Ligand SMILES: [Zn+2]
């Protein structure tokens, strides 16, 4: 366990595990935030730093969300949106409430923050899989290279020594391949964390 860079890797991995802002209708219900007329702020932080907040106002058949979001050009704008409720019947007679995604009207329990708060189909899955595919491909390449050298696939371990009989040039080529894949893996992860950092700064600069 260990090796140079392992600490760095673990740190970024931890920062990205719960990187999403999520509004869970069950949690809001328990907090009393869904009651008509109630107004409150839901905020999120990561590593002790605030990364977002939304004002939630209870309406008779939905909630009103007010928050700042970044447009495609990078400017911040105020979003004021109503998210309606959908009610499904339960065996106990009382209906169960769901959010109706403002974009696709799909019934959902959790709205995820991206540019806008939307269901996971509209927001999260696509983003998440793009991110994971790129990171996983880079990760697989790095492991494969290590396997070719007869070493352990664990990226935390030291790079395998040059096998007996392998040309130095070949070994160096594989080493460069592994380093490039590792670098790409890190850039995907760090790029993602960096985006939220920039968002924080922009938010602060605004009066
Ligand atoms: Zn949706």
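Please treat every number below as a calculation from the coordinates, not as lab data. Note that the coordinates shown come from a computational prediction; the quantities given were computed from them, not determined experimentally. When we count neighbours, we look across all protein chains shown, and the Cβ atoms used for this are built from the backbone with ideal geometry, even at glycine.
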Practice prompt. Using the number of other C-beta atoms within 10 angstrom as an exposure proxy, rank 24, 80 with the fewest first.
Written response: 80, 24
Worksheet item: If you take the beta carbon distance between residue 82 and residue 154 as r and set R0 to 45 Å, what does 1/(1 + (r/R0)^6) give as a FRET efficiency, to the nearest 0.05?
Response: 0.35
Worksheet item: From the square roots a ≥ b ≥ c of the eigenvalues of the alpha-carbon gyration tensor of the stretch 33-84, which class results: rounded (a/c under 1.5), prolate (a/b over b/c), or oblate?
Response: oblate
Fill in: Label point distance in nm, residue 38-residue 90, each placed 7 Å from Cα along Cα→Cβ
1.5
Response to the item:
With R₀ set to 30 angstrom, the calculated FRET efficiency between the beta-carbons of residue 144 and residue 68, to the nearest 0.05, is 0.10
Discussion item. Using 5 Å bins from zero, what percent of all Cα-Cα pairs in the stretch 142-182 falls into each bin?
Written reply: 6, 28, 37, 22, 7, 0
Worksheet item: With a 10 Å Cβ neighbour count serving as the proxy for reagent exposure, in which order, fewest first, do 31, 146 appear?
Response: 31, 146
Worksheet item: Taking neighbour Cβ counts within 10 Å as the exposure measure, how do 104, 119 sort from fewest upward?
Response: 104, 119
